[in-house]
Structures are given as structure tokens and as C-alpha cells.
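Working notes, beginning with the structure itself.
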Amino acid sequence: MLSKNQKILVTGAGGFIGGALISALRKQGYRDLRGVDIKPFDQWYQRSEDVENISMDLNLKENCERAAKGADEIYNLAANMGGMGFIEANKALCMLSVLINTHMLQAALKHGAKRFFYASSACVYNGDKQKTFEAPSLKEEDAYPALAEDGYGWEKLFSERMCRHFREDFRLYTRVARFHNVYGPWGTWFGGREKAPAAICRKVIEAKISGKNEIEIWGSGNQTRSFMFIDDCTEGIQKIMDSEILEPINLGSSEAVTINQLVDITEGIAGIKLKRNYDLSAPKGVNGRNSDNTLIKKYLGWEPSTPLRVGMEKTYRWIYDGSRAHRFEWGWKRRIDGSTTSTWLGSVANRAWSGSLLFHPRACTHPASERMDCSLTMWLFCNKWAMSFSQSVRPWLYFVMLIGCAGVVQWQNRSFPSFGRRFDSCRPLQIFAQAGIPPSNREQDHQPVLPEYEDLERLNPF
Ligand code: NAD
């Protein structure tokens, strides 16, 4: 185990697992952390002020060397990845992640990193062993003879081998875990890269809010999978890094469910029952897959154990809040995990403004009114621009923006006094009605007139 002041590098730090790992390390008291990701900072899911954050492309060797310089321990989580829809449509892109791991291994060796962790995947397993729906538990040896998932899986298998040979030939301390479907708060939940648990939460929420009461499911819904909660994943990563486990090992939950059962769980959490439409032409991956945890239990006396229902409740709640924020704030996403005053001030300014938009009487406009949309759009563009400034400058920018947007609203109010003062289509009431939090006598008193979800998406400038 490392002392708390040694330097730790996490690649893919702007992503789901990388962000969660940095967060876990911070909580454990590690202070010399470096996070690297190709994404611009405003797209990182979590980012902390007290971490050395770098936005750069780790496909390039010189950038890997810069990232690895001085690092005692390296967690390589950067990769092009996503759910089945993404990896089936982007095989070459997924295979190009081989550049990241290759250059990171070389850089780790060059700069004398003490330990190197590589995030592999259950997609390395032989497809022939995953043809039945009975959720075959995959043992580590089932990766060979090799018949991995085309593209993404082959890259993972190759990179696993590369880690092994760097260990054997160059004595680099490498550890490899094969993750099985990780889910939880701060994961991707829209945009095409999301995985089944997040996608199903989002679809259930959409169905509930829109009142359509239907859900589209990819495949027959009989595919079996196991899903590991993010906290188990970060704990397992560290345990494996600290262990004597030399060969790639499963890191996944052994609680297998069908996709239909996953939908049942999500519907139960949402308190709703939906009509299911099965899209048999959509990408669905292998028929059955589960994690055999015999080996990890033998080595560590531990396995991921968060019950799916518990993890899904936390995930659903987080996506629900996010989707409400997405609607309420028209595309804002809270991506900053710091607790510094400047962040706090920025977020208070954000919330004060969105609250005033929601509850100001003049915000109670008919959807046809463009008054609030105009100032909202202005605010959102300014907000995106402000995100590119450092956190110490941002509160001042928010302050100026707040005055500016308030001025726009005032000007609109004066110029068009009769425009859109309809309490019967009051925005908060619409939102409560649509979100399933009924104000009293909702049906009788108010006819919610919220634009269609697609319209919101279209109007959302991000
Ligand atoms: P993620 O997509 O949220 O994070 C990966 C991050 O890597 C992204 O933020 C991305 O921008 C970054 N990245 C991609 N190319 C880069 C480059 N050239 N330079 C720098 N950064 C780059 O995915 P995740 O779920 O956090 O996955 C982390 C790792 O775990 C990946 O290696 C993934 O293959 C593996 N894995 C994840 C799962 C899962 O269920 N989430 C399952 C199996 C394996």
C-alpha cells in the first residue's frame, strides 16, 4: 500500500470510473493526485480543485510520458468505450485505445512507476461461451481460446497480454481486472454511450414524466447480465492493485438478472408499470453473461456485494435529479465535485437564477412565449462560456451574468407587459405535474402544457 503522499495518476479521470476512483482516493486522504482525460474540463463528470487535472490526448506517447512523470502508481482507465450500441458501431475507435495502454506502459516503465493497473472488460470472454440465456458464469480461463467481442473486446485482450509481458519481461508491476458492467451515480446516462442500467433508468423516467407509459427495450429482454455498483468497483480496483494476483481477474457482481428483471426493478423504484416494446434489431450483445467470483473470493476473501436493487435506487435517484435539472435548467450539468467557496458561490448563483426563473410570476408563461426562453438561452450560453474560466473567476462572471439576464427580463417585461402572465400554465405547476409530484387537484385545476420532450431536447442549446 502506498503512503498517502505518493503521487497517483488516474487516466480517464473525466470519465465515470476514473472520476469515482479519484473521489474515493481523496476521501481516503491521498493528496498528490493527477487526473488526465482527453475531454475538455467542462465535460468531466467529476473534477476536484485539489487534484492536478490535465486535459490531453493519451493516444500520443509524449502526453503519456508527461502524465506518468513522477507517478508512483498508475491506474489506466482511459479508453474509448460505451454501451453495446456504441461499441458495435465504433469498432475501430475502440481498438485505437490500444495506443493509450501501449504508450502508458512504456511511459510507466520509463519514469519508474512502481505499480500499474489496467481496466479490462468481460468483453474479452469467448463469445461461444455466452450463447445461452442462462447467464453462464465466466471463469477467468474462459477468455481462451480467444473469441472476444469484435473490436472493443479484442483490444482489451491484447492490452491484457501486453501488461502481462511488461511484467514478465520488464518487471513492471502490473495488475489487470476484468470489469463486468459498472453502474451508479456519475455514470453516462444519455448521449449514446450509456449502459443498460443508466439507459433503463432514463427511459423509465422519460416515460413517467412524459406520461407515455411505454419503454423500448433492446433485444428480447431475456439477455442476462450482472451489474456492479460503482463503490464496489473502486474498492475492488484498489484491492486488486494491492494484491498478489498476477493474472487478469473478474471484478463484477455475481447477481445475474435478465434485462426484463432489470426493468422490473427500475419500474418498482419508479412506482410505475410500463408497456414494453422490444426492438429485436437493436444491438443487444451476447445472450448471457455473469461473473464467476470463485477466484476473487479465494484471493481476497471479498467480492462486489451491493444488491442490485440498492444500487439501482441510488442510480435512479441521481439520474432523476439530473434529468429534472436537465429540464429545469435546460441543459446545465453540475460537474464540479469541489467544495471550495468559489464553487459554492457559483453553484448558489446558478441555483438562485434557475429558482427565480422557475418561481418568478413572470416565468409562468405559456410555452409559446419566448420571453423566458430568450433570457434562459442567454444565460445558458454565458454559463457554458463561464465554465471555461477558473473557479476563482467564475463567481464574478456569474454575478455579472445574473445582472445581465435580470436586465433582459426586466426589459422584456417593460416592452411586452401583456405577454405571457398565465398562472394556469404556471411553469412550476407544469413541472410538478409532469414529474409526478401532484399538487392538490392537479387534474381538475391545471392543464399542464409542457413542450414535448423532443422539443426540450431541440431547444436545449447543448
Ligand atoms: P468512460 O467513458 O466514462 O471513461 C473513459 C474516459 O477515458 C473518458 O472520459 C474518455 O474521455 C477518456 N479517454 C478516451 N480516450 C482518451 C484519450 N485518448 N486520452 C485521454 N483520455 C481518453 O468509461 P468508464 O466506464 O469510466 O470506463 C473506464 C475503464 O473501464 C475503460 O477502460 C473501460 O473500457 C473499462 N470498463 C468499463 C466498464 C463499465 O461498465 N463502465 C466495463 C468494462 C470495462
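The values are calculated or read from the model by the stated rules, or taken from the named source; none is laboratory data. All of these numbers come straight from a predicted model, not from anything done at the bench. Positions of Cβ are generated from backbone atoms using ideal geometry, with glycine treated the same way; all protein chains shown enter the neighbour counts. For the accessible areas, the whole protein counts, side chains as well, though only heavy atoms, and no ligand, DNA or RNA atoms are used. Shrake-Rupley method; radii C 1.70, N 1.55, O 1.52, S 1.80 Å.
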Tell me, which helices (runs of 4 or more DSSP H) wholly within segment 39-98 include 3 or more residues that are near the ligand (Cβ under 8 Å from one of its atoms)? none
One residue is enough: does segment 169-177 have a residue meeting the conditions closer than 21 Å to Lys239 by Cβ and near the ligand (Cβ under 9 Å from one of its atoms)? yes
Cβ-Cβ below 7 Å, separation at least six or inter-chain, first residue in segment 13-31 and touching a residue at least 40 places away in the same chain (Cβ under 8 Å), second part of a loop (DSSP other than H, G, I, E, B) and of a type in the set (Gly, Ala, Ser): which pairs? Phe16/Gly187; Gly18/Gly12; Gly19/Ala13
Any hit, segment 130-138, residues being crowded, with 18+ Cβ neighbours inside 10 Å and within 12 Å of the ligand (Cβ to nearest atom): no
For the condition under 16 Å from Ala119 (Cβ atoms) and under 20 Å from the mean Cα position of the chain (by Cα), what is the one hit in Phe41, Phe16? Phe16
Which members of segment 99-118 meet the condition of being within 16 Å of the ligand (Cβ to nearest atom) and either open to solvent by 10 Å² or more (accessible area, probe 1.4 Å) or in a loop (DSSP other than H, G, I, E, B) (or both)? Leu99, Ile100, Thr102, His103, Gln106
Subset of segment 307-326 [surrounded by fewer than 20 Cβ atoms within 10 Å (Cβ to Cβ) and either among the hydrophobic types (A, V, I, L, M, F, W, C) or closer than 27 Å to Phe133 by Cα (or both)]: Pro307, Arg309, Val310, Glu313, Trp318, Ala325
Do you know which of the residues in segment 17-54 that are modelled with pLDDT under 95 and of a type in the set (Ser, Thr, Tyr) is surrounded by the fewest Cβ atoms within 10 Å (Cβ to Cβ)? Ser48
List every residue pair whose Cβ atoms sit under 8 Å apart, with the two residues 6 or more apart in sequence or on different chains, where the first one lies in segment 154-171 and is assigned to a helix (DSSP H, G or I) and the second, anywhere, is acidic (Asp, Glu). Arg164/Glu247
Here the qualifying pairs (Cβ atoms under 8 Å; residues six or more apart or on different chains; first in segment 274-291 and not assigned by TED's automatic domain parsing to the domain that holds Lys131; second of a type in the set (Gly, Ala, Ser) and at pLDDT 90 or above) come out as none
All but one of (1) at pLDDT below 95; (2) in contact with a His (Cβ under 6 Å, 6 or more places away or on another chain); (3) of a type outside the set (A, V, I, L, M) hold for Trp218; which doesn't? (2)
Within segment 140-167, of all residues that are more than 16 Å from the ligand (Cβ to nearest atom), surrounded by fewer than 17 Cβ atoms within 10 Å (Cβ to Cβ) and not hydrophobic (A, V, I, L, M, F, W, C), the one farthest from Glu244 (Cα to Cα) is Pro145
Can you go through Gly184, Gly191 and tell me which one is within 13 Å of the ligand (Cβ to nearest atom), open to solvent by 10 Å² or more (accessible area, probe 1.4 Å) and in the same structural domain as Leu21 (by TED's automatic domain parsing)? Gly191
Test result for Arg202, in contact (Cβ under 8 Å) with a residue 12 or more places away in the chain and open to solvent by 50 Å² or more (accessible area, probe 1.4 Å): no
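When you go through Gly29, Gly14 one by one, which is the residue that is assigned to a loop (DSSP other than H, G, I, E, B) and within 12 Å of the ligand (Cβ to nearest atom)?
When all the criteria are applied, what remains is Gly14.
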